[in-house]
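A short reminder: the numbers here are calculations on the coordinates, not readings from a lab. In this text the structure is predicted, and so the values were computed from the model without any measurement. So basically every Cβ, Gly included, is an ideal-geometry build from the backbone, and we count neighbours across all protein chains shown.
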Amino acid sequence: MRITQAPASPSISSGAPFSVLPLEPVWLDALAQLGHGAMTPLQAAILPLALAGHDLIVQIRQGGGSATALTIALLHRLDPCRFDVQTLVLCPTRERAEHIARRIREIAECAGYIKVATLCHGTPLRPQIDSLIHGAHIVVGTPGRVLDHIDAASLDLRAINTLMFDRADTMLDMGLVDDIAFVASRCPKARQTLLLHGSDDVDLPPDIARLARFWLRRPRNVRLLAADDWSAGRQRAHSDMSSKDS
C-alpha cells in the first residue's frame, strides 16, 4: 500500500462552520444544539473525506473533536426509515463501546428515532437479542459478543454501509485480529470502512497496514500532527492518500 502526502481538504480550513459541509439540516441543528460551532483541525480534515464516502485510516490522539466528526460521518449515511443494522462499530472493551454508543445517541436523539444497540459481554445475550429483534440502526460492540450474535443468527450484517474499527491498534494488541476479520467478511463489500488507531508512529504500523490492506479500499490516511508542542494545542491536520499497489 503506497502512501503519499496530500492536502486534507484545500477548500475547508480549521475554524470553518459546519454549514459548509453537505450535511442535512437536522445534523447541523444537532451540532448547534450541542455547542459545536466551528470545526477543529481534525474535523476539517476528516469530515470532507468521510462525507465523500472515502475509506479512512485516522490516527486518533487525545482531543481534536474526532468523536464528533466520526459520529456525524456515521449518521450522515444512515436511513432512519430503514430498520436494519446499517452501521457497525467494533470497540476493544465494553467501557469503550458504551462511551461511543452514548456519544452517538447524544447527537442522534436530535433527529428523532434512531436506535443504537450496544452488544458486549457482561450483559445477558437474551435481552440483546430482543433489542435486535425490535430493530436497530446502529450496533456498537466488542468483536467477541458481535460474533456471538452472528453465530446465534440474531445479527444480520447484510445492510451494513459503514463499518468502523475503533482503536484498532488496541484490538490487535488484544489478539482480536481473527474476530475482526470474520466480522468484516460478513459485511457487504460495497461499504465505507473507517479505521481508527492511536499509534504515535509517523509511519503506519505494519499490523494496521495489513488490516487496512485486507478490509479498506483505497483509504485516505488522516493524522493530526503537533507543530511544536502537542500539549499547547498548536496542531496541523494532514491527510495521506493511500492506494493499493497494482
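Putting +1 on Lys and Arg Cβ atoms and -1 on Asp and Glu Cβ atoms, find which of 104, 144, 219 reaches farthest to the positive end of the dipole of the stretch 2-243.
It is 219.
Hey, fewest Cβ within 10 Å first, where do 189, 115 land in order? Spell out each step's value before the answer.
Values: 189 8, 115 17.
Result, fewest neighbours first: 189, 115.
Under a Cβ-only charge scheme (Lys and Arg +1, Asp and Glu -1), can you give me the dipole magnitude of the stretch 2-243 about the Cα centre, in debye to the nearest 20?
On the way: 25 positive and 25 negative charges, 96 e Å.
Computed about the Cα centre, the dipole is about 460 debye.
Quickly rank 40-52, 125-137, 142-154 as a protection proxy: mean count of other C-beta atoms within 10 Å, highest first. Present the calculation step by step, with values, prior to reporting the outcome.
Values: 40-52: 23.0, 125-137: 15.2, 142-154: 17.5.
Highest-to-lowest ranking by the protection proxy: 40-52, 142-154, 125-137.
For the pair residue 105 and residue 77, how long in nm is the line joining their label points, each one 7 Å along Cα→Cβ?
It works out to 2.4 nm between the two label points.
Taking a point 7 angstrom from the Cα of residue 133 along the C-beta vector, which residues in the stretch 82-98 have backbone N less than 19 Å away?
In the stretch 82-98, the label zone of residue 133 (backbone N under 19 Å from the point 7 Å along Cα→Cβ) covers 83-85.
Could you please report the charge total around residue 171, scoring K, R as +1 and D, E as -1 over all other residues with beta-carbon less than 12 angstrom from its beta-carbon?
Details: positive: 96, 167; negative: 166, 169, 173, 178, 179, 207.
Summing Lys/Arg as +1 and Asp/Glu as -1 gives -4.
Counting only C-alpha contacts under 8 Å and six or more residues apart, can you give the relative contact order of the stretch 2-243 as a whole percent? Provide the component values of the computation, followed by the final result.
Details: 438 pairs, mean separation 66.0, N = 242.
With pairs under 8 Å counted, the relative contact order is 27 percent.
For the residue pair residue 201 and residue 98, what label-to-label distance in nm results when each label sits 7 Å from Cα along the Cα-to-beta-carbon direction?
3.3
With 10 angstrom as the radius, rank 109, 98 by how many other C-beta atoms surround their C-beta, starting from the fewest. Provide the component values of the computation, followed by the final result.
Working: 109 13, 98 16.
The order, fewest Cβ neighbours first, is 109, 98.
Please arrange 174, 39, 164 by counting, for each residue, the other beta carbons lying within 10 Å of its beta carbon, fewest first.
Details: 174 15, 39 26, 164 23.
Ranking 174, 39, 164 by Cβ neighbours within 10 Å, fewest first, gives 174, 164, 39.
May I ask you to derive the FRET efficiency for residue 173 and residue 150 from their Cβ-Cβ distance with R0 = 22 Å, giving the value to the nearest 0.05? Let's see the in-between values first.
Numbers: r = 23 Å, r/R0 = 1.05.
Between residue 173 and residue 150 the formula returns 0.45.
What area, in nm² and to one decimal, does the C-alpha convex hull of the stretch 2-243 cast on average over all directions? It would help to have the intermediate numbers written out before the result.
On the way: hull surface 50.0 nm².
With the hull built on Cα positions only, its mean projection is 12.5 nm².
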